[in-house]
Amino acid sequence: MKILVVSDVESRYIWDFFQRDKFKDIELIISCGDVKNQYLSFLVTMLNVPLIYVPGNHNIRYEYDPPEGCDSIDGKIINYKGIKILGLGGSMRYNGRAFQYTEKEMEKRIRKLKPKIWINKGFDILVTHAPAYGINDGQDLCHKGFNCFNKLIDDYSPKYLLHGHQHLNYGQIDRMATRNNTKIVNAFEYYILDYK
């Protein structure tokens, strides 16, 4: 299954110069946050496939004007064609606005999901906005990753962690990384994931 993953900036290649045939094999769109709600509505309309998302730390507008035709998976686990997907949006708390959490607050969000994770026998894809601590995260509080994401990876071994937040032009940031058996993808701008 081919999945279009987007995050952080709207791709001019997709938005301004859209060509449907370039994305004809896409079956699902996942947003890791910090893109405009109009962009997500555009994608779901033009590709005519489901779009799921988590909010980023700059998506305050999503609270009162969510992207049309798209489904938030923030704080949820869903099953899409047999693929179990867990969503946890937001970043480390740095100025107290919406979609920001301390490490303890994110741990509490995860604890609330444990019964659903157990019922689903784990999950295959973890979708976050912020990265996991120590894996392509930043040094400043805003861009520091969550250590509890590492624990989720260690405990449940999902195939993928898809995240945003860390722009590839920030410096020494990689698109791909691994932790144990989990492939970690920085979805900055866009990435096409061939899920097998």
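The values are calculated or read from the model by the stated rules, or taken from the named source; none is laboratory data. In this text the structure is predicted, and so the values were computed from the model without any measurement. Positions of Cβ are generated from backbone atoms using ideal geometry, with glycine treated the same way; all protein chains shown enter the neighbour counts. Quick note on the areas: whole protein, heavy atoms, side chains included, nothing else; ligands and nucleic acids left out. Shrake-Rupley method; radii C 1.70, N 1.55, O 1.52, S 1.80 Å.
Just a few scattered comments:
- Positions within the stretch 182-196 being open to solvent by 20 Å² or more (accessible area, probe 1.4 Å), modelled with pLDDT of 95 or more and over 21 Å from Ser11 (Cβ atoms), in sequence order: Lys183
- Of the strands (runs of 3 or more DSSP E) lying entirely inside the stretch 72-162, those containing at least 2 residues that are open to solvent by less than 10 Å² (accessible area, probe 1.4 Å) and within 24 Å of Glu189 (Cβ to Cβ) are 83-88, 125-128.
- Considering the conditions (1) more than 17 Å from the chain's Cα centre (by Cα); (2) closer than 23 Å to Leu28 by Cβ; (3) open to solvent by 30 Å² or more (accessible area, probe 1.4 Å); (4) not basic (Lys, Arg), Thr178 is excluded by exactly one of them, (1).
- The one condition in (1) more than 24 Å from Phe146 (Cβ to Cβ); (2) at pLDDT below 95; (3) among the basic types (Lys, Arg) that Arg97 fails to fulfil: (1)
- Any hit, the stretch 11-24, residues being open to solvent by less than 50 Å² (accessible area, probe 1.4 Å) and in a strand (DSSP E or B): no
- Among the residues of the stretch 26-42, those that are farther than 11 Å from Ile3 by Cβ, within 16 Å of the chain's Cα centre (by Cα) and hydrophobic (A, V, I, L, M, F, W, C) comprise Cys32, Val35, Leu40.
- Filter result for Tyr191 (touching a strand residue (DSSP E or B) at 6+ places or on another chain (Cβ under 7 Å), part of a strand (DSSP E or B) and aromatic (Phe, Trp, Tyr)): yes
- Considering residues of the stretch 49-58 that are open to solvent by 10 Å² or more (accessible area, probe 1.4 Å) and touching a helix residue (DSSP H, G or I) at 6+ places or on another chain (Cβ under 8 Å) only, the residue farthest from Tyr39 (Cα to Cα): Pro50
- Those residues of the stretch 79-89 which are in contact (Cβ under 8 Å) with a residue 24 or more places away in the chain and out of contact with any Asp or Glu (no Cβ under 8 Å at 6 or more places or on another chain), in sequence order: Asn79, Tyr80, Leu86
- Matching option when the condition is under 15 Å from Lys144 (Cβ atoms) and touching a residue at least 60 places away in the same chain (Cβ under 8 Å), among Thr128, Thr102: Thr128
- Complete set of residues in the stretch 27-47 that are surrounded by 17 or more Cβ atoms within 10 Å (Cβ to Cβ) and not in a helix (DSSP H, G or I): Leu28, Ile29, Ile30, Ser31, Cys32, Gly33, Asp34, Val35
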